[in-house]
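K.L.:
One structure, as structure tokens, below. Some questions next.
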Amino acid sequence: MQHILVTGGTGTLGRLVALRLRDAGCRVRVLSRRSGEAGERIAFVIGDLATGEGIEAAVEGAEIIVHCAGSSKGDEDKALNLVRAASRAVAQHLIYISVVGTDRIAVVSGVDRAMFGYFASKLAAERVVADSGLPWTTLRATQFHDLILMVARQMARLPVIPVPAGFRFQPVDAGEVAARLVELALGTPAGLVPDMAGPKVYGIAELLHGYLRASRRHRPIIPVWLPGKAARAIRAGANLAPGRAVGRRTWEEFLADRVSSLTDSRSSL
Ligand SMILES: NC(=O)c1ccc[n+]([C@@H]2O[C@H](COP(=O)([O-])OP(=O)(O)OC[C@H]3O[C@@H](n4cnc5c(N)ncnc54)[C@H](OP(=O)(O)O)[C@@H]3O)[C@@H](O)[C@H]2O)c1
């Protein structure tokens, strides 16, 4: 039985990864900053990757580490604290989840950094993983449906919705990404593997219209031009991977499962 640590095992992706690994017969431990239940037959350890607190104990005995913890800032520091501790332990394989476009979305100016610093931070974290000395695998995925839904719900609270002009997305199902990560985690270290993207590319207004339709609401959508090199790269499609549209579940299918006009119209009041 393999001992596996899943960082971020309380998050959208990590929770699904942890459950799948458990169901595959692995001994799973989840790392999180807060105490809580990770799921039946899943151990839980408290630690903070940003400070390094509790990480030694979390990695102890873990042969495989699936690093799903992340936030909008500082993922390179989290990765560094993780690999430092993992290198001193017995880890034989570190799997990292990154985002499509890290290598193409230039984060140069202060404007780029303020709006799209996330991509630079993910690229830096990818390098930390690759230079860790540990056998590694990194998968870049496009945005999860859940993230787009969260943003759509927040935006729909406004009477008029501003959207970045020319932005497109290729949302992918977090469950499908979790399945791929589990496959990678149980395989041999493979370095940077081919990107994983959803089945279809959508304009941002199209995604929002889909959500508004599913929740039976109407809002005007106003395109807003964003300055900077990073925004230009995204307008050019640097966040997409049309040649790797391997995901199956569409945005419409996801919305049909997750959005009801009742719950969503109530949540926007
Ligand atoms: N969402 C997307 O569209 C998308 C697309 C491509 C790649 N990714 C990447 O996939 C990963 C997971 O994304 P997600 O959407 O599932 O994230 P999420 O739902 O926001 O969950 C984030 C997880 O990270 C943990 N975490 C954050 N900061 C931490 C810290 N300092 N120490 C320990 N744990 C910490 C959180 O745990 P606690 O709060 O319990 O401590 C939580 O479990 C991230 O690396 C993200 O960059 C996401």
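The values are calculated or read from the model by the stated rules, or taken from the named source; none is laboratory data. What you are looking at is a predicted structure, and each value in this text was computed from that prediction instead of being measured. Don't worry about glycine lacking a Cβ; one is built from the backbone with ideal geometry, like all the others, and counts go over all protein chains shown. Protein only, heavy atoms only, side chains kept; ligands, DNA and RNA dropped before computing areas. Shrake-Rupley method; radii C 1.70, N 1.55, O 1.52, S 1.80 Å.
K.L.:
Applying the selection to the range 1-59, what residues are under 21 Å from SER71 (Cβ atoms), basic (Lys, Arg) and at pLDDT below 95?
P.N.:
Taking the range 1-59 and keeping what is under 21 Å from SER71 (Cβ atoms), we get 5-18, 29-36, 38, 44-55, 58-59.
Next, from what is left, pick out any that are basic (Lys, Arg): 15, 29, 33-34.
ARG34, the sole residue that qualifies.
K.L.:
Filter the range 123-170 for residues that are more than 13 Å from the chain's Cα centre (by Cα) and of a type in the set (Phe, Trp, Tyr); which is least open to solvent (accessible area, probe 1.4 Å)?
P.N.:
Applying the filter and picking the extreme gives PHE167.
K.L.:
Can I ask one more? From LEU186, LEU207, LEU192, LEU149, grab the single residue that is within 15 Å of the ligand (Cβ to nearest atom) and more than 28 Å from SER260 (Cα to Cα).
P.N.:
LEU192 is the lone residue from the list that is within 15 Å of the ligand (Cβ to nearest atom) and more than 28 Å from SER260 (Cα to Cα).
K.L.:
For the range 39-52: of the residues being more than 9 Å from the ligand (Cβ to nearest atom) and touching a helix residue (DSSP H, G or I) at 6+ places or on another chain (Cβ under 9 Å), which is nearest to PRO135 (Cα to Cα)? Outline the logic, then answer.
P.N.:
Step one: of the range 39-52, the residues more than 9 Å from the ligand (Cβ to nearest atom) are 39-45, 52.
Subsequent filtering for residues that are touching a helix residue (DSSP H, G or I) at 6+ places or on another chain (Cβ under 9 Å) retains 39-42, 45, 52.
Numbers: GLY39: 28, GLU40: 30, ARG41: 27, ILE42: 25, VAL45: 24, GLY52: 21 Å.
My answer is GLY52.
K.L.:
Count, please, the residues in the range 211-241 that happen to be farther than 30 Å from THR138 by Cβ and open to solvent by 10 Å² or more (accessible area, probe 1.4 Å). Walk me through it before giving the result.
P.N.:
Quick first cut of the range 211-241, residues farther than 30 Å from THR138 by Cβ only: 211-225, 227.
Checking the rest, the ones that are also open to solvent by 10 Å² or more (accessible area, probe 1.4 Å) come to 213-214, 216-225, 227.
Residues in the range 211-241 being farther than 30 Å from THR138 by Cβ and open to solvent by 10 Å² or more (accessible area, probe 1.4 Å): 13 in total.
K.L.:
Quick one: in the range 58-77, of everything that is in contact (Cβ under 8 Å) with a residue 60 or more places away in the chain and within 14 Å of the ligand (Cβ to nearest atom), which residue is nearest to VAL129 (Cα to Cα)?
P.N.:
Result: HIS67.
K.L.:
If you don't mind, another one. For the range 2-34, which residues satisfy the criterion of being open to solvent by 20 Å² or more (accessible area, probe 1.4 Å), in a loop (DSSP other than H, G, I, E, B) and within 13 Å of the ligand (Cβ to nearest atom)? Spell out how you get there, then give the answer.
P.N.:
Restricting attention to the range 2-34, the residues satisfying the condition of being open to solvent by 20 Å² or more (accessible area, probe 1.4 Å) are 2-3, 10-12, 15-16, 19-20, 22-25, 27, 29, 33-34.
From what is left, the residues that are in a loop (DSSP other than H, G, I, E, B) are 2, 10-11, 24-25, 33-34.
Answer for the range 2-34, where residues must be open to solvent by 20 Å² or more (accessible area, probe 1.4 Å), in a loop (DSSP other than H, G, I, E, B) and within 13 Å of the ligand (Cβ to nearest atom): THR10, GLY11, ARG33, ARG34.
K.L.:
Next question. Exactly one condition in (1) more than 23 Å from ARG15 (Cβ to Cβ); (2) within 16 Å of the ligand (Cβ to nearest atom) is not met by LEU181; state its number.
P.N.:
It fails just one condition, (1).
K.L.:
State which residue pairs qualify: first residue farther than 11 Å from ARG217 by Cβ and in contact (Cβ under 8 Å) with a residue 12 or more places away in the chain and inside the range 149-160, second residue of a type outside the set (S, T, N, Q) and assigned to a loop (DSSP other than H, G, I, E, B) in any location, beta carbons under 6 Å apart, and separation of 6 or more residues or different chains.
P.N.:
Listed by first residue and then by second, the contacts come to VAL160/PRO220.
K.L.:
Hey, another quick one. For the range 69-84, give me each residue that is assigned to a helix (DSSP H, G or I) and within 13 Å of the chain's Cα centre (by Cα).
P.N.:
ASP75
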